[in-house]
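Here's the structure, in structure tokens; my notes come after.
The values are calculated or read from the model by the stated rules, or taken from the named source; none is laboratory data. Nothing here was measured: the structure is a model prediction, and the numbers come from that model. We place every Cβ from the backbone using ideal geometry, glycine too, and count neighbours over all the protein chains shown. For accessibility, only protein heavy atoms count, side chains too; no ligands or nucleic acids. Shrake-Rupley method; radii C 1.70, N 1.55, O 1.52, S 1.80 Å.
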Amino acid sequence: LEKRADMALKPGAMEDGAISFCAARATQTGGEARYALKLLRKAGDLAEEAGAVKVLTKFCEQASKLLESDIVKDGIVKLSDQHRYVLATVMLNESPADLTTGRLYEGYRHLCLDMRQTPLTQRRVTDLISELTEAGLINAKMKNFGRGGGRSRVITPCGKVSNAEIEDSILECI
């Protein structure tokens, strides 16, 4: 990464911690060198746009957020319509703290009917919730509602990207 930075930038155009930040962030996201290079390039672009003399760590942090947002948006575009309907139901829910599987299914079913689509069964939607959780787009945690209340999953949006960005991506696809 340092060799690439030396080839691409003038000497002294990189803050000391910036390359370390890019390398560490790439390690956290799976260890791909390509990601680190994209991050470094994006940070350089941000520094250039800001008229900065050096690529600072703060530009690397901003670049990381932008790349993560792009990855999530790309993932949403690749989802099936049914996955997007489930995700849209989660994102558009007004009280995310109490969105159980049953409530999510009702919202999903209404959204499908509004879109003139045939809703899947609740069991299949539960599978879609698991898939979206594995993809890191939503969080689903089991919650015990006490005696007689049973157990259910409580579904919340994932905090990786702002809700507005995800909602825009979903609505563009729907």
| message | Among LEU104, VAL86, LEU120, whose Cα projects farthest towards the positive end of the dipole of the range 79-124, with charges put on the beta-carbon of Lys, Arg (+1) and Asp, Glu (-1)? | response | LEU120
| How much length is gained on full extension from LYS78 to GLU2, taking 0.36 nm per residue of separation minus their Cα-Cα distance? | 24.0 nm
| request: Excluding residues on the same chain fewer than 8 positions from LYS38, give the lysines whose Cα lies under 27 Å from its Cα. | output: LYS3, LYS10, LYS54, LYS58, LYS65, LYS73, LYS78, LYS160
| Candidate values [x] 48; [y] 71; [z] 60, label of the one derived for percent of Cα pairs over 20 Å apart | [z]
| query | Any idea what the dipole of the range 20-62 comes to, in debye rounded to 20, about its Cα centre with Lys/Arg Cβ at +1 and Asp/Glu Cβ at -1? | reply | 100
| task | Only loop residues by DSSP count here, and only those with at most 12 other Cβ atoms within 10 Å; note down the GluC sites (Glu not before Pro) in the range 1-97 that meet that. | result | GLU32, GLU94
| query | Given a cut-off of under 8 Å on Cα pairs at least six residues apart, what relative contact order in percent is computed for the chain? | reply | 21
| query | Tell me which aspartates and glutamates have Cα within less than 20 Å of LYS42's Cα, excluding those fewer than 8 residues away on the same chain? | reply | GLU2, ASP6, GLU15, ASP16, GLU32, GLU61, GLU68, ASP70, ASP74, GLU165
| request: Any chance you could give the angle, 0 to 90 degrees and rounded to 10, that helix 16-28 forms with the longest Cα principal axis of the chain? | output: 30
| remark: The equivalent-ellipsoid semi-axes of the range 39-85, taken as the square roots of five times the Cα gyration tensor eigenvalues and listed largest first in whole Å, are 31, 8, 7
| said: How tilted is helix 101-114 with respect to the longest principal axis of the chain? Cα atoms for both, answer in degrees (0 to 90, nearest 10). | reply: 90
| remark: With every protein chain kept in place and a 1.4 Å probe, the residues MET115, MET14, MET142, MET7 fall, from largest accessible area down, as MET7, MET142, MET115, MET14
| field | Magnitude of the charge dipole, the chain, Cβ model with Lys/Arg +1 and Asp/Glu -1, debye to 20 | value | 620
| query | Can you give the % of DSSP beta bridges in the range 13-156 that are antiparallel, to the nearest 5? | reply | 90
| task | Report, to the nearest 10°, how far helix 33-50 tilts away from the longest principal axis of the Cα atoms in the chain, using its own Cα long axis and a range of 0 to 90°. | result | 70
